[in-house]
Amino acid sequence: MERKKIYYGWFVVFGCLMITCTMVPPIMALSNKFLIQVTGELQISRSAFTLANTILQGLGIFLSPVVSARLARGNMKRIQTVSIIGFVLSYASFSLATNVIHLYISSFFTGIFFLNASLIPVSMMITNWFVKKRGLAMSIAMAGIGVGGTIFSPVITWLLGAYGWRSTYRIMALIILVLALPAALFILKKRPEDMGLLPYGSEDSTIESSSLQDSSSRDAASKRIPQKADVVFPLSVKESRTKLFFILFIFGMLCNGLINTGSLGHFPPAIEELQGPQVQALIISLNSMIGIFGKLVLGWLNDRFGVVASTAFGCITFALSFIFILFGQNISMLYIMAFLFGLGDAIGTVTPPLITSAIFGAEKYGEAYGIANSFTQIGLSLGALMVAAIYDTSGSYNTAWILLLILTLGAFAGWIGAYTASRKYCRKPAAGNTQNMQAAQDRKS
């Protein structure tokens with residue numbers, strides 16, 4: 001009996017995990033670990049240092065659609081490989097800074113290469129490779145962010161103490177090069193067709209669709225065929241821009257960006273203010289570890305019950321975390337907050353590509369996700385500043401937590417409203433398309 005081979009898409013998932021594990025945490029979660037040493041030596045303000053990361057994140061507002069379109073049409077392996085090398089060199093160049101202008105220049109180039117090498121190509125590849133178990137594959141790939149944060153947070157802390165910030169930038173750049181570049185060169189593939197394969201699960205959907213062609217019961221068919229493979233979205237992304245569902249879609253993305261940097265950027269000082277630095281460090285570590293599990297749960301829910309259920313789970317748990325931090329004077333409330341926030345944190349990275357692919361399908365995913373990411377980046381650029389302004393005005397974070405709770409519900413309403421409203425434009429695939437897919441599967445067999 002011939003031993004069944006592991007589907008190559010799962011190797012692609014592992015390669016994507018290596019990318020998110022190494023490249024994303026130094027930019028998103030761990031950049032402020034350098035703050036004290038850099039600002040002290042260069043004699044610059046903390047706001048000036050923070051602006052460097054704002055520049056890096058803000059580039060996505062303007063460049064995400066361009067990057068997505070370029071990756072969809074071009075040679076993704078070449079673009080990603082060159083971008084990883086460029087990212088490593090740009091990240092290492094932070095170590096050469098003698099003033100704040102050097103930091104801004106390094107941030108500009110690091111941001112360009114980051115967009116071309118990390119989250120956008122990762123989400124595009126997972127969408128191309130998986131029809132069935134797309135949620136699980138996406139959540140595993142994005143779980144690398146939490147894994148990397150958990151691993152590299154103590155590593156960077158130790159390196160900063162032992163060697164200083166300049167050497168730490170260079171050592172981290174080398175680690176990224178050694179781990180991320182081989183993944184892009186030898187593991188990652190843009191789409192399964194490049195290897196003569198079909199997306200994972202498309203064979204099952206095709207066979208099931210064919211068996212139901214002669215069925216007289218349309219209702220029974222709709223229950224048996226997974227919705228992902230059952231509908232075709234005929235509108236172009238350009239045509240969609242004037243539709244209500246698209247406005248709700250980008251509104252959800254904007255809210256998502258605001259709530260993520262608003263919370264992640266200010267939970268540490270808020271918790272330290274309430275319970276001290278030791279509790280703060282423990283809560284943030286607990287939050288990161290649960291976040292890995294939360295991404296897997298959300299992905300499983302998406303595959304088992306659909307994008308509405310997974311989005312509801314993520315947004316509701318995320319929203320509840322803001323209620324419990326309002327009572328953070330009680331340390332038990334903070335532990336509950338960390339658990340809920342960790343479960344819901346996946347809406348920042350896993351839900352956007354899943355909701356985009358659920359609405360637009362794999363064919364139009366790249367263009368649609370580029371626009372979605374632009375609005376997410378607007379939120380990411382403004383969220384932390386918004387919460388800081390509220391704190392400076394009121395002297396408390398409580399008003400900010402209530403606002404973030406409302407915006408989380410806004411993200412949920414926007415996403416679910418967009419998905420529901422978009423369904424009226426969908427249609428069943430033509431019988432000829434199904435037969436062509438079956439013929440392709442027969443040739444493969």
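The values are calculated or read from the model by the stated rules, or taken from the named source; none is laboratory data. This is a predicted model, so every value here is computed, not measured. As a convention, Cβ positions derive from the backbone with ideal geometry for all residues, glycine included, and neighbour counts pool all protein chains shown. Keep in mind that these areas ignore ligands, DNA and RNA; they rest on the heavy atoms of the full protein, side chains included. Shrake-Rupley method; radii C 1.70, N 1.55, O 1.52, S 1.80 Å.
Quick notes on this structure:
- Look at the alpha carbon pairs under 8 Å that are at least 6 residues apart: their mean separation over the length of the chain gives a relative contact order of 25 percent.
- Positive-end residue, the chain charge dipole about Cα centroid, Cβ charges, pick of L264, C426, F245: C426
- By accessible area with a 1.4 Å probe, ligands and nucleic acids excluded, highest first: order of M289, M386, M124: M289, M386, M124
- For segment 97-195, diffusion coefficient by Stokes-Einstein and Kirkwood Rh (Cα), 37 °C, 0.692 mPa s, µm²/s: 207
- Dipole of the chain [Lys/Arg +1, Asp/Glu -1 at C-beta], most positive-end residue of L174, Q37, W158: L174
- Taking a sphere under 15 Å around the Cβ of S83 and counting the other residues whose Cβ falls inside, with K and R at +1 and D and E at -1, yields a net charge of +4.
- Highest-first packing order for the peptide set 377-385, 15-23 is 15-23, 377-385, based on the mean count of other beta carbon atoms within 10 Å.
- Axis angle, to the nearest 10 degrees, between helix 9-23 and the longest C-alpha principal axis of the chain: 20 degrees.
- Over segment 313-395, relative contact order from alpha-carbon pairs under 8 Å, at least 6 apart, %: 23
- Rounded percent of accessible protein surface that carbon and sulfur make up, the chain, 1.4 Å probe: 65
- Net charge contributed by nearby residues that have their C-beta within less than 11 Å of A368 (K/R +1, D/E -1): +1
- Helix 202-211 and the long axis of the chain differ in direction by around 30°, with both axes built from C-alpha atoms.
- Formal net charge of residues neighbouring M172 (Cβ-Cβ distance under 14 Å; K, R +1; D, E -1): +3
- Greater than 28 Å apart at Cα, pairs in K5/K132; K132/K424; K295/K424; K77/K243; K5/K190; K4/K133: K295/K424; K77/K243
- Positive end of the dipole of the chain (Cβ unit charges, origin at the Cα centre): among Y335, S64, P199, the Cα lying farthest that way belongs to P199.
- Compared with the alpha-carbon gap, the fully stretched path from F14 to A309 is longer by 103.6 nm at 0.36 nm per residue.
- Euclidean distance between Cα centres, segment 239-278 to segment 27-42, Å: 22
- Rounded to the nearest 10 square angstrom, R304 shows an accessible area of 150 square angstrom against a 1.4 Å probe.
- Accessible surface of C315, taken over heavy atoms with a 1.4 Å probe and every protein chain present, rounds to 0 Å².
- In a simple Cβ point-charge model (Lys, Arg +1; Asp, Glu -1; nothing else charged), the chain has a dipole of about 1080 debye relative to its Cα centre.
- Exposure rule at most 16 other beta-carbon atoms within 10 Å, DSSP loop GluC sites (Glu not before Pro): the chain longest free segment: 3-362
- Seen against the Cα atoms of the chain and their longest principal axis, helix 365-394 is set at about 30 degrees.
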